[in-house]
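Single-structure report; data block below.
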Amino acid sequence: MNFKKICVVGLGYIGLPTAATFASRDVEVIGVDVNEDVIACINNGEAHIVEPDLDYIVQGTVASGKLKAYHAPQKAEAFIIAVPTPLRDGRYPDIGMVKEATASIAPVLEKGNLVILESTSPVGTTEIIQDILKEARPDLTFPCDAGDDSDISIAYCPERILPGRLLIELVENDRIIGGLSAHSAKLACDLYGAFVVGKMLRTTAPTAEMVKLSENTYRDVNIALANELALVCREKGIDPWEMIKLANHHPRVNILSPGPGVGGHCIAVDPWFVVDSAPEIAKLVKTARLVNEARPGQVVAEIQQMAEEFKHPKIACLGLAYKPNIDDIRESPAVDIVKELAEKASGEAQLLVVEPYLEKLPKQLDKENIKLVSMETALNDAHIVVLLVDHNVFVDLSLKDLKNKVILDTRGVWN
Ligand code: SAJ
C-alpha cells in the first residue's frame, strides 16, 4: 500500500524528524502537538530542537504545504504516536501520554487505518493501545478479534536513532517492525518503505518492545561495567583509560568509556522499564543503573577533595550537555554535578561554567555561585579545571592552556 496522508502525534525529538522526513517524500503530514509554541514554531517553518539539517527540511516541507502542525489529530491513512514516556518518581514508567494520544486519535479512526506506536514503552503497551481503541470504537474490528482481516492494523516500531545523527539514522538504520498481526507488520513496512533504506525486520509487538528496551539496557550495563572497573583502577592507582585501551586489544573485548554518569532521555531511562517489568529477575540491570546513577555524586566528592587546598576555590566546569558537540542537557550528569557542587560548596566556591552550546544557564543552575563564562575567563581565573563533557573545543585544549591548574578529566581525553 502507498500511504498518501499520515498523522504524527507528538512533534518532539523523534516525531518532528519523522514527520518532516515523510513530508519530504511527498506524503501529506498532519503533525499534532499539545504545545502551542511548538505548533507555532513549526508552522513558521522552524524546528524547535537543534539537530543538524532539521531546520532546513522543516522549512522546505512547511513551505511546500506537505507538513502542517495542529492541536488535534485529523483523518489520515496512518497514525504514528511518538510522545514521551517519562519515569514517575525516577523509576516507574509513565505511559499516560501514550494513552492520551491514543484516545485523541480514536474519534477520527476509519476502516483500513494503520496505528503505529514509536515511543519507548513497557512490554504490553501496544496491546493497551488496542484495548483503548477497541473500547472507544466498538464499530471497528482490531487484530485481537479479526487477526489479519481487522479493520484497524496496529504495530510497534521503535525508533533507534542517535541524537546528532537523527536524519541520517532515520533513513539508514535497520528498523524493527512488531505487528499485532502479520498484516499490521506488512502495512508498517509499506509505510516506512517511503524512506527507510535499512532492513525492516518483522516480529511481534511485545518482542519489538523488548528489543528496544534491551538495546539501551545493553549499553547502560556495559557503561556501568566500565565505570566500576575505572573505580577499581583508581583505588589501585592504575590509569583506567590506559587499562581499557590495552584490554580492548583482545579480539573479543570492547570495554566502553567510563565517565561522569549516563545522560540523555534513553539509556538512563529505559533500563528502569525492564526493572519495572520483572523486579525480581532484572537484578543486574538495576545494579548497573545504580552504579551509573552514583557517578555524579562521586565526581562531586572528588572535586570537593581537590578544592580543600584553596580558601576560595574557583572551579571551571567544562560542559553541561549530556554528550559531546550537542546542546541537549536532558538527564545530563554534568548539570547534576554542577548543581550539587554549588549547593555543597555554598558561598566559599565560585563555579565558572563553560558551555559553548548554550547562551544561558538552565534554570536549575540559577544560583549565586554559578556563572556562565567564556573559556578564556574560566582558564584565566580557575584554580581547578573539571572536564565534564568531551566537546571538541575542550578536547583540543593544550597542556599549555591548563598549566598550573588542578585538573579533573572525567572523560579521559587529556591523558
Ligand atoms: N556514555 C558513556 N560511556 C560510553 C558511551 C556513552 O558514559 O562509552 C554516556 C554518554 O556520555 C551519554 C550517554 O552515555 O551521557 C548516552 O549517550 P549515547 O550517545 O551512547 O546514546 P543516546 O542516549 O544519545 O542514544 C541512545 C542510542 N542507543 C544505543 O546506542 C543503544 C540511540 O541509538 C537510541 O535511539 C537512543 O538512545 C534512544 O532514543 O533510545
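Applying the condition of being of a type in the set (D, E, K, R) and surrounded by 15 or more Cβ atoms within 10 Å (Cβ to Cβ) to the range 219-236 and asking which residue is farthest from the ligand (Cβ to nearest atom) yields Glu228. Cβ-Cβ contacts under 8 Å between residues 6 or more apart (or on different chains), taken from a first residue in the range 47-62 that is free of Cβ contacts under 8 Å to residues at least 12 places away in the same chain to a second residue that is open to solvent by less than 40 Å² (accessible area, probe 1.4 Å), are listed as Asp55/Ala47.
Return yes or no: is Arg289 among the charged types (D, E, K, R), in contact (Cβ under 8 Å) with a residue 60 or more places away in the chain and away from the ligand (no atom under 11 Å from the Cβ)? The answer is yes for Arg289.
Condition check ((1) of a type in the set (A, V, I, L, M); (2) part of a strand (DSSP E or B); (3) more than 16 Å from the ligand (Cβ to nearest atom)) across all residues:
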| position | (1), (2), (3) |
| --- | --- |
| Gln298 | no, no, no |
| Gln304 | no, no, yes |
| Lys323 | no, no, no |
| Ile329 | yes, no, no |
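You will find that of Val58, Val98, Val83, the residue that is within 23 Å of Gly193 (Cβ to Cβ) and open to solvent by less than 30 Å² (accessible area, probe 1.4 Å) is Val58 and no other. Which number in (1) open to solvent by 30 Å² or more (accessible area, probe 1.4 Å); (2) at pLDDT below 95; (3) more than 23 Å from Ala301 (Cα to Cα); (4) under 29 Å from the mean Cα position of the chain (by Cα) marks the one condition that Asp401 misses? So Asp401 meets the others, but not (4). Filtered by the rule that a residue be out of contact with any His (no Cβ under 7 Å at 6 or more places or on another chain) and not small (Gly, Ala, Ser), the range 331-349 gives Pro333, Val335, Asp336, Ile337, Val338, Lys339, Glu340, Leu341, Glu343, Lys344.
In the set (1) under 22 Å from Ser332 (Cα atoms); (2) within 16 Å of the ligand (Cβ to nearest atom); (3) at pLDDT 95 or above, the condition left unmet by Pro240 is number (1).
Tell me, which residue of the range 277-289 that is in a helix (DSSP H, G or I) and open to solvent by 70 Å² or more (accessible area, probe 1.4 Å) is modelled with the lowest pLDDT? Filtering first and then ranking leaves Ser277.
Pull up the range 382-398, narrow it to residues that are away from the ligand (no atom under 16 Å from the Cβ), open to solvent by 60 Å² or more (accessible area, probe 1.4 Å) and farther than 12 Å from Ala316 by Cα, then point me to the one that is modelled with the lowest pLDDT. It comes out as Asp396.
Comparison of Asp89, Asp139 shows that the only residue that is at pLDDT 95 or above and open to solvent by 20 Å² or more (accessible area, probe 1.4 Å) is Asp139. When only residues in the range 1-45 that are away from the ligand (no atom under 16 Å from the Cβ) and polar (S, T, N, Q) count, which is surrounded by the most Cβ atoms within 10 Å (Cβ to Cβ)? Only one residue fits best here, namely Ser24. Scanning the range 151-201 for residues that are within 11 Å of the ligand (Cβ to nearest atom), at pLDDT 95 or above and open to solvent by 50 Å² or more (accessible area, probe 1.4 Å) yields no hits at all. Just one of the listed residues (Leu379, Leu372) is open to solvent by 40 Å² or more (accessible area, probe 1.4 Å), in contact with a Lys or Arg (Cβ under 8 Å, 6 or more places away or on another chain) and over 19 Å from Gly297 (Cα atoms), namely Leu372.
The values are calculated or read from the model by the stated rules, or taken from the named source; none is laboratory data. Here the structure is a predicted model, which means the values were calculated and not measured. Because the Cβ atoms are built from the backbone with ideal geometry, glycine has one as well, and the counts that use them run over all protein chains shown. All accessible areas refer to the heavy atoms of the entire protein, side chains included, with ligands and DNA or RNA removed. Shrake-Rupley method; radii C 1.70, N 1.55, O 1.52, S 1.80 Å.
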